[in-house]
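Working notes, beginning with the structure itself.
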Amino acid sequence: MEGFVAVTATISPEPEHRANARRIVGDENFVEVFVDTPLALCEERDPKGLYRRARRGELSQFTGIGSPYHPPLNPDLTLRTHGNSVEHCVDQIVDYLARVRRLNPELNASLAQQHATQR
């Protein structure tokens, strides 16, 4: 059995944006992952300096600065990136997908074995 998991990272500041994405993909195929990171940490990690530019008024309607962000009320999974490595967050996503059976059984077993040897 072959299958694919597509992961996309999008800034979805409004609940209706997220609901529309879920509707397009289909509820059975959509997993909402909230990457919960404090705004100050987002600014600190910003490699392109976009937050700095938004604070100077060069970018209007920048999410979290000139435009509001409404966190999801009931995401399928929340990743708290402050204090956690990228690897830990990826493990959380894989564990969640395996737990809710969105991954086929053969892949679940293979991932479980890989994670056991990596930890």
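Just so you know, all these numbers are worked out from the coordinates, no wet-lab data involved. Model, not experiment: these values are computed from the prediction. We place every Cβ from the backbone using ideal geometry, glycine too, and count neighbours over all the protein chains shown.
So, in segment 26-84, of the ones that are assigned to a loop (DSSP other than H, G, I, E, B) and of a type in the set (Asp, Glu), which residue ends up farthest from the chain's Cα centre (by Cα)?
Glu58
Could you grab me the full set of residues in segment 85-100 that are assigned to a loop (DSSP other than H, G, I, E, B) and either touching a Phe, Trp or Tyr at 6+ places or on another chain (Cβ under 7 Å) or of a type in the set (A, V, I, L, M) (or both)?
Residue satisfying the conditions is Val100 alone.
For segment 31-54, how many residues are of a type outside the set (Lys, Arg), without any contact (Cβ under 8 Å) to a residue 24 or more places away in the chain and surrounded by 10 or more Cβ atoms within 10 Å (Cβ to Cβ)?
9
What tally of residues in segment 12-30 results from selecting those that are out of contact with any Lys or Arg (no Cβ under 6 Å at 6 or more places or on another chain), closer than 22 Å to Val90 by Cα and surrounded by 10 or more Cβ atoms within 10 Å (Cβ to Cβ)?
Of the residues in segment 12-30, 5 are out of contact with any Lys or Arg (no Cβ under 6 Å at 6 or more places or on another chain), closer than 22 Å to Val90 by Cα and surrounded by 10 or more Cβ atoms within 10 Å (Cβ to Cβ).
How many residues are polar (S, T, N, Q) and under 17 Å from Leu79 (Cβ atoms) if we restrict to segment 1-53?
Number of matching residues: 4.
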